[in-house]
Amino acid sequence: MQEYNIIIFRQSRVLLCLLLFPVIFLTAIFIGAETNSFIISVLFIIISLLLMYYYIVGYLKITVNENELFFGWKRKVVFNYNPIKSIRINDINVIVLDEDRLLRKIKTHDTVIYINNSKIKSEEAVKFINRLKNDIKKNDVKIIDSWDEFAEKGYLRLAYRINSIVLIMSIIIIIIFTVLKGFNPVSLSILLLFIPQMILY
């Protein structure tokens, strides 16, 4: 039996906090204006960021016992993650792995286990990934990355279309602004930085 303690950042929670951050920032400005205190405003932002981190982060203990994986979360006062049922290693058929060190998902025929380990203190996660890859060698297990999974679900064509539309609209907007307001270095900087990145995607 071997145990691995892994820091987890669930993507859905990260996305929610990113959406909430502008609201928190505007609220901090409002509080600062109402109280005439810059310190209170800064304290509000700091406390909010700490709460967001506490909400996002999770500590997952994975126990490997012969042919089975057991998962247990370290309990928090609030914002606990849902429990994860144990699975047999022989039942795994797909692993979603990015950069050979970020384990996104473990899939069986009827279960999807979301891991999403952090790069912070990732030594334990890397050890577990190497152990898992070694254990599944004898099985017919696919190891794919997030882009492969994205393509398998048929989302890649949609992403290309959205990317192409954004790219074309960006070029048109820059041309219109250049015609109406003349040459603008800011527009040129967007052209040189943003558009090549979109083409690369």
Condition check for Ile39: more than 21 Å from the chain's Cα centre (by Cα) and surrounded by 14 or more Cβ atoms within 10 Å (Cβ to Cβ):
no
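For segment 123-147, name all the residues that are out of contact with any strand residue (DSSP E or B) (no Cβ under 8 Å at 6 or more places or on another chain) and surrounded by fewer than 16 Cβ atoms within 10 Å (Cβ to Cβ).
Glu123, Asn130, Asn134, Lys137, Lys138, Trp147
Of all the residues that make up segment 50-107, how many are among the acidic types (Asp, Glu) and out of contact with any strand residue (DSSP E or B) (no Cβ under 9 Å at 6 or more places or on another chain)?
Matching residues across segment 50-107 total 3.
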Here are Ile40, Ile56, Ile84: which of them is in contact (Cβ under 8 Å) with a residue 12 or more places away in the chain and touching a helix residue (DSSP H, G or I) at 6+ places or on another chain (Cβ under 9 Å)?
Ile56
Tell me, please, whether a residue that is modelled with pLDDT of 75 or more, assigned by TED's automatic domain parsing to the domain that holds Ile87, exposed (fewer than 12 other Cβ atoms within 10 Å of the Cβ) and basic (Lys, Arg) can be found in segment 158-180.
no
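Could you tell me whether segment 18-31 includes any residue that is free of Cβ contacts under 8 Å to residues at least 12 places away in the same chain and assigned to a loop (DSSP other than H, G, I, E, B)?
Among the residues of segment 18-31, not one is free of Cβ contacts under 8 Å to residues at least 12 places away in the same chain and assigned to a loop (DSSP other than H, G, I, E, B), which makes the answer no.
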Which one of Val77, Val166, Val141 is without any contact (Cβ under 8 Å) to a residue 60 or more places away in the chain and closer than 20 Å to Leu15 by Cβ?
Val166
Regarding segment 78-89, can at least one residue be identified that is among the hydrophobic types (A, V, I, L, M, F, W, C), over 18 Å from the mean Cα position of the chain (by Cα), surrounded by 15 or more Cβ atoms within 10 Å (Cβ to Cβ) and closer than 20 Å to Val57 by Cα?
yes
For Asn134, indicate whether it is modelled with pLDDT of 90 or more, over 16 Å from the mean Cα position of the chain (by Cα) and not in a loop (DSSP other than H, G, I, E, B).
no
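The values are calculated or read from the model by the stated rules, or taken from the named source; none is laboratory data. Quick caveat, the model's predicted, so the values are computed rather than measured. Neighbour counts run over all protein chains shown; Cβ positions are idealised from the backbone, glycine included.
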